[in-house]
Amino acid sequence: MSKEQFDEEKKRQLTDLTYHAFNRESCEEALSRFKDGVSNIVKDNEGKIILVVTHGTILNLFFASLLNIGIDGLNELWKKTDFCAYGIVEGNTVKKDII
């Protein structure tokens with residue numbers, strides 16, 4: 001897949017969160033699964049500092065949901081996210097954004 005094809009595919013995924021790219025789960029489904037996983041990890045490790053590592057798409061979806069960034073802002077967030085981006089969340093509050 002060329003860079004242009006990848007960019008178009010990513011734009012489609014982040015514009016239609018119900019779209020099943022490559023016959024896999026949608027962004028909507030992936031975000032729900034990720035949030036459930038993070039909730040379980042936090043619940044099982046109360047009071048501890050936790051590091052969760054994931055790929056950029058889910059990272060963008062997760063932070064967009066925490067920051068109430070709508071679908072229109074999601075592509076812009078994606079474009080501004082650097083390689084090896086990270087954020088810090090305390091409770092449900094973003095302490096450091098990924099961009």
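Determine the equivalent ellipsoid of the stretch 38-96 by diagonalising the alpha-carbon gyration tensor, then write out the semi-axes as square roots of 5 times the eigenvalues, largest first, rounded to whole Å.
Values for the stretch 38-96, descending: 22, 12, 10 Å.
Output ³J(HN,Hα) for the stretch 19-31: one whole-Hz value per residue in order, computed from phi by the Karplus curve 6.51 cos²θ - 1.76 cosθ + 1.60 with θ = phi - 60°, and x for Gly and Pro.
5, 9, 5, 6, 6, 10, 5, 7, 4, 4, 5, 5, 5
Among (1) 75, 57, 25; (2) 42, 22, 22; (3) 43, 26, 23, which one is Cα extents along the principal axes in Å computed from these coordinates?
Matching entry in (1) 75, 57, 25; (2) 42, 22, 22; (3) 43, 26, 23: (3).
Considering only DSSP states other than H, G, I, E and B, which GluC sites (Glu not before Pro) in the chain qualify as loop sites with at most 12 other Cβ atoms within 10 Å? Kindly include the intermediate steps, with their values, before the conclusion.
Details: sites: E4, E8, E9, E25, E28, E29, E46, E76, E90; in loops: E25, E46.
Listed in order of number, the matching sites are E46.
For the chain, with a Gaussian network of springs between Cα atoms less than 10 Å apart, report the residue from D44, D82, D72 with the top mean-square fluctuation.
Between D44, D82, D72, it is D44 that shows the largest mean-square fluctuation.
Assuming 1.567 mPa s and 4 °C, estimate D for the stretch 1-58 with Stokes-Einstein, Rh taken as the Kirkwood radius over Cα pairs, in µm²/s.
99
Treating the beta-carbon of each Lys and Arg as +1 and of each Asp and Glu as -1, no other charges, what is the dipole magnitude of the chain about its Cα centre, to the nearest 20 debye?
The dipole magnitude comes to about 220 debye.
In percent, what relative contact order does the chain have, based on Cα pairs under 8 Å that are 6 or more apart in sequence?
In percent, rounded to a whole number, it is 21.
Arranged by the count of other C-beta atoms within 10 angstrom, fewest first, what order do K96, K48 take?
K48, K96
Give me the extension gain from Y19 to N68: residue separation times 0.36 nm, minus the current Cα-Cα distance, reported in nm with one decimal.
Between Y19 and N68, full extension yields an extra 15.6 nm.
Taking θ = phi - 60°, what integer Hz values does the Karplus form 6.51 cos²θ - 1.76 cosθ + 1.60 yield along the stretch 49-60, in sequence order, with x for Gly and Pro?
Coupling constants for the stretch 49-60: 7, 10, 10, 10, 10, 8, 8, x, 5, 5, 4, 5 Hz.
Laboratory data are not the source of any read-out in this text; all were calculated from the coordinates shown. Fair warning: this is a prediction, and the values are worked out from it, not measured in the lab. Neighbour counts run over all protein chains shown; Cβ positions are idealised from the backbone, glycine included.
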